[in-house]
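I have placed the structure first, in the form of structure tokens, so that the comments after it can refer back to it.
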Amino acid sequence: WVGNSERVVHTASKSVNIRTLEAPGPTALPQDSEGNVWLGARDHLFLVDSGRLRPVVDVAGAPIPRVRQIVVDAGGHLWAIAEKVGIYQLTPGRTRLVFRLPLVGADLLMSPRLGRWASLAGSEGVIHIPPGGKSTAHRLFDSGLAGVMRIAERGDSLWVGHTRGLSRWRNGQWTTWTRAQGLPGRGGVQELIDDELGRVWLLSDLGVLA
């Protein structure tokens, strides 16, 4: 599967057949445990059904717009974050809005150890969503001056890559590294990746750091 700003293209392995599906603003394209392919897009959430896009609605019959990311939890269930709407559980059962949170943005982490975390819609920080409890926003910087690009879990810590650097949440406290602590370029960290040796690599403004 390959997507661009207006459509997704599918080609099967060892096949020359190419199928194009029109979907304005595709953002996420995961597969669930039963082999179903989901597609998050600008205006709707879809299921790929027999080569066609079938719109998915919630239990109230409402469409699900602005899906920015779809993730799999530890139990193999799918969850979606819809910007300025909230967090949906897609599987198992019917798709439903579990957390109505107009504050949420584009990135979502589902962790058995650390709980649920999402970026804020203004990209100035993250929000913690405990089970059955009150959500807590953590603003790492002033709105508009920086943006959260990646939320990741490593060991007992939550890591947040953003345009100013890298922040770590551990034991109830934040620690932040920026250009002042040696990050190259403008200090931005776009991605965190583990390799087979357990090392963490950072994608920064000026290249890859180990």
Between a residue in region 34-61 that is farther than 17 Å from residue 78 by Cα and any residue that is hydrophobic (A, V, I, L, M, F, W, C) and open to solvent by 40 Å² or more (accessible area, probe 1.4 Å), which pairs come within a Cβ distance under 9 Å, given they are 6 or more apart or on different chains?
60/97
Counting only residues that are under 15 Å from the mean Cα position of the chain (by Cα) and either aromatic (Phe, Trp, Tyr) or assigned to a loop (DSSP other than H, G, I, E, B) (or both), region 27-64 contains a total of 6
Assuming residue 176 fulfils every condition listed in (1) touching a residue at least 40 places away in the same chain (Cβ under 8 Å); (2) over 21 Å from residue 81 (Cα atoms); (3) not small (Gly, Ala, Ser) apart from one, which condition is it?
(1)
Being open to solvent by less than 70 Å² (accessible area, probe 1.4 Å) and modelled with pLDDT under 85 is true for just one of 12, 62. Which residue is that?
12
In region 89-120, residues that are without any contact (Cβ under 8 Å) to a residue 40 or more places away in the chain and in contact with a Leu (Cβ under 6 Å, 6 or more places away or on another chain) total 3
Go over the candidates 167, 135 one by one and state the one that is closer than 21 Å to residue 73 by Cα and of a type in the set (Gly, Ala, Ser).
135
Members of region 151-188 found to be open to solvent by 20 Å² or more (accessible area, probe 1.4 Å), part of a strand (DSSP E or B) and at pLDDT below 90, listed by number:
154
Out of region 159-193, which residues are basic (Lys, Arg) and under 24 Å from residue 110 (Cβ atoms)?
168, 170
For region 109-128, name all the residues that are in a loop (DSSP other than H, G, I, E, B) and either open to solvent by 40 Å² or more (accessible area, probe 1.4 Å) or hydroxyl-bearing (Ser, Thr, Tyr) (or both).
112, 113, 123
Out of region 189-200, which residues are free of Cβ contacts under 8 Å to residues at least 24 places away in the same chain, within 22 Å of the chain's Cα centre (by Cα) and open to solvent by less than 80 Å² (accessible area, probe 1.4 Å)?
195
Of the residues that make up region 129-145, is at least one crowded, with 17+ Cβ neighbours inside 10 Å and at pLDDT 90 or above?
yes
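The values are calculated or read from the model by the stated rules, or taken from the named source; none is laboratory data. For clarity, every value in this text was computed on a predicted model and none was experimentally measured. Note that each Cβ is placed from the backbone with ideal geometry, even for glycine, and that neighbours are counted across all protein chains shown. Please note that ligands, DNA and RNA were not included when accessible areas were found on the heavy atoms of the full protein model with its side chains. Shrake-Rupley method; radii C 1.70, N 1.55, O 1.52, S 1.80 Å.
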